[in-house]
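I have placed the structure first, in the form of structure tokens, so that the comments after it can refer back to it.
The values are calculated or read from the model by the stated rules, or taken from the named source; none is laboratory data. Owing to the predicted nature of the structure, the values given are computational and were not obtained by experimental measurement. Cβ coordinates were reconstructed from backbone atoms using ideal geometry, including for glycine residues, and neighbour counts include every protein chain displayed.
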């Protein structure tokens with residue numbers, strides 16, 4: 001309120017040279033009529049705030065097909081489970097989800113089965129960490145889908161890790177072979 005106006009408002013000179021109050025928030029803009037802080041001004045300000053909320057809640061709604069992976073993702077982004085995460089965790093998880101969404105967003109969620117998930121994770125076998133991160137995120141999404149009733153049964157236990165989706169596990173035999181191919185570790189002297 002450094003300019004004497006409510007939040008998200010600022011003084012603006014329009015094209016006719018008239019000084020007016022402009023409301024701007026998240027891409028939503030509107031001129032608010034009346035004298036600042038008067039009852040009519042505050043009523044218009046309240047409507048502008050409601051307009052921002054309505055605009056934000058309907059973003060992408062026309063492009064989202066009901067029952068699709070997109071619909072699940074939109075619902076998850078609005079959920080308290082997602083909003084309760086730290087900003088850094090939200091960013092990481094959103095990046096993983098958006099990558100998955102680009103490939104599979106328009107597909108119907110009800111037709112997703114264990115083999116599909118196994119193939120999706122198997123396609124990332126060259127990057128096992130990315131495959132495991134995607135699998136963890138898919139488990140969360142599918143459990144959320146069951147919670148909200150978009151799926152009747154969970155298919156989340158399709159693969160326990162990337163090692164079952166095409167990446168070789170680090171078995172004791174491989175570990176011994178790897179250690180034998182390396183020079184021995186220097187011994188640590190104990191002071192005494």
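Here are some notes:
- Verdict on residue 125 being more than 26 Å from residue 63 (Cα to Cα), at pLDDT below 90 and surrounded by fewer than 17 Cβ atoms within 10 Å (Cβ to Cβ): yes
- Number of the exception - residue 175 against (1) surrounded by 10 or more Cβ atoms within 10 Å (Cβ to Cβ); (2) part of a helix (DSSP H, G or I); (3) modelled with pLDDT of 85 or more: (3)
- Filter result for residue 94 (touching a helix residue (DSSP H, G or I) at 6+ places or on another chain (Cβ under 8 Å) and surrounded by 12 or more Cβ atoms within 10 Å (Cβ to Cβ)): yes
- Selection count where residues are under 20 Å from the mean Cα position of the chain (by Cα), farther than 19 Å from residue 146 by Cβ and not in a helix (DSSP H, G or I), scope the range 85-128: 5
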